[in-house]
Amino acid sequence: MKRHLSMLVVLFIAMALVVTGCQPAAPAGGGEPVAAGPGEAEPSGSEGEALKAKIGIVVPLSGDVKTFGESTRDAALMAFEEAEGIEIEYVIADSKCDAQEAFNAANKVISEDGVSFIIGEVCSSASLPISDLAEEFQVLQISPTSTSPAITVNEDGSTKEYVFRACFLDPFQGEVMAALANEMGATKAAVLYDVGNDYVKGLAEYSRDSFIEMGGEVAVYEAYTKDDTDFSGILGKVAAADVDVIFLPDYYPKVNLIAAQIQERGIEALLVGGDGWDSPELQLDLLDGGYFSNHYSPYEERDVVQNFVNTYREKYGATPDALAALAYDATRILIQSIKDANSTDPSVVKDAMAAISYEGISGVITYDEQHNPVKKAAVMKVEDGQVVFYKFVAP
Ligand code: PHE
């Protein structure tokens, strides 16, 4: 089996003692042991011993969509640093948003590094093989951002016991996109999608079905493949059909490419996409006037959101994107579940996770029976070279 190099970084957040319940805030990484105060309970079964968790961050750090992995990693590390009452040792592996690479990376962090928990992957098609390994090896996986329904359910419809996510699902996201086009007065649509990508193909179907249900017509429904770079054939059909909206449910590199060719041909239509647009590398000039569905808005005024945005900006010098927001949520959900369970045994922690109630950056998270959160979407608009908040949509 092809083994891929992973960056091995070990961090000890020096917290020698664990106390249950609330603790006074300690500076992240400050190295000060936290002592249990008088009358405070010690974790049962591990008198005075810290909870020690070994966590794998499995994300795309190279390849087409590396900004997804970078944001995810950076926010997860921030959450690790802020964690109190737990010692975290972590490993980072590059899974490239690819099914085979993700399988190899997850296999490596499980069997060589011995992690009990995995945060990742970002992309649905890469999270899927990891979920099979998670089930097989009883390693608890939480994907921050994989929105395809199949991630948490087996083919027979039963829930994968060890697999969770921190994001809403694509049937909802497709509906948000379709409703937006509908509200803007669009009646005739084109949907262009990568037939080999579970997330893109699924989101194309959901937005098409929703748009039709809302009374719209889908005049062009065209597939392409990952390696296609010339869209003139498809765009010829789009131009001939004279559509008023084009759904582009792909990740930002392909969206940039197709948008450039739409502009070159002088096709004028509303452009609508999903969370895959969210990247500092999205070419805003090509997508001006477009909308995309996303998971959070950095402009939301809730304290937890503003604290997160400010801390992240100070640390990394950039406004956190939705990948960062969801990675921060996923990591904190994992840490809270470990603490709630007072155990680092994934078979115990998974039950605590299933029962969690967590106020996150992306909303309040509780899990349904298929380990999916039910949450609002944030619609973002591309305007004058910026991504601005448009509105929230409740499920
Ligand atoms: N939802 C995408 C997928 O499942 C991943 C993604 C989430 C990308 C959020 C960007 C922002 O593949």
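A few remarks follow.
- Ile356 long-range amide H proximity, modeled H, under 5 Å: Tyr367
- Whole-Å semi-axes of the ellipsoid equivalent to region 279-349 (Cα gyration tensor, √5λ, descending): 31, 15, 11
- Of the chymotrypsin sites (Phe, Trp or Tyr not before Pro) in region 294-387, the ones in a loop by DSSP (not H, G, I, E or B) with at most 15 other beta carbons within 10 Å are Tyr299.
- Count of lysine pairs in region 170-294 with Cα separation under 15 Å (8 or more residues apart, or interchain): 4
- Cα gyration tensor, region 164-262 - rounded (a/c under 1.5), prolate or oblate: oblate
- Along the chain, the longest continuous region that contains none of the trypsin sites (Lys or Arg not before Pro) in a DSSP loop with at most 16 other C-beta atoms within 10 Å is 4-225.
- Label-to-label distance, nm, for residues given as Asp242 and Ser62 (7 Å Cα→Cβ offset): 5.0 nm
- In this simple spin-label approximation, Asp230 and Glu217 carry label points 7 Å from Cα along the Cα→Cβ vector, and these lie 3.1 nm apart.
- Fraction in percent of alpha-carbon pairs per bin - 20 Å, the chain: 29, 55, 15, 1
- Note on the chain: GNM, Cα springs under 10 Å; of Gln336, Gln263, Gln141, the largest mean-square fluctuation is that of Gln263.
- Theoretical gain in end-to-end length, Ser111 to Val388 [0.36 nm per residue, Cα-Cα removed]: 95.4 nm
- Along the axis of the charge dipole computed for the chain (Cβ charges of +1 for Lys and Arg, -1 for Asp and Glu, origin at the Cα centre), the listed residues Trp277, Leu334, Ile212 are led at the positive end by Trp277.
- Taken one residue at a time, the phi angles of region 231-238 give Karplus couplings (6.51, -1.76, 1.60, θ = phi - 60°) of 9, 5, x, 5, 5, x, 5, 4 Hz. Gly and Pro are set to x.
- Dividing the convex hull volume of the alpha-carbon atoms in region 332-373 by its residue count gives 58 Å³ per residue.
- Share antiparallel - DSSP beta bridges, the chain, percent rounded to 5: 35 percent
Each reported figure results from applying straightforward, stated rules to the coordinates on display, with no laboratory input. On a predicted model such as this, the values are computed, not experimentally measured, just so you know. For neighbour counting, all protein chains shown are included, and Cβ atoms are generated from backbone atoms with ideal geometry for every residue, glycine included.
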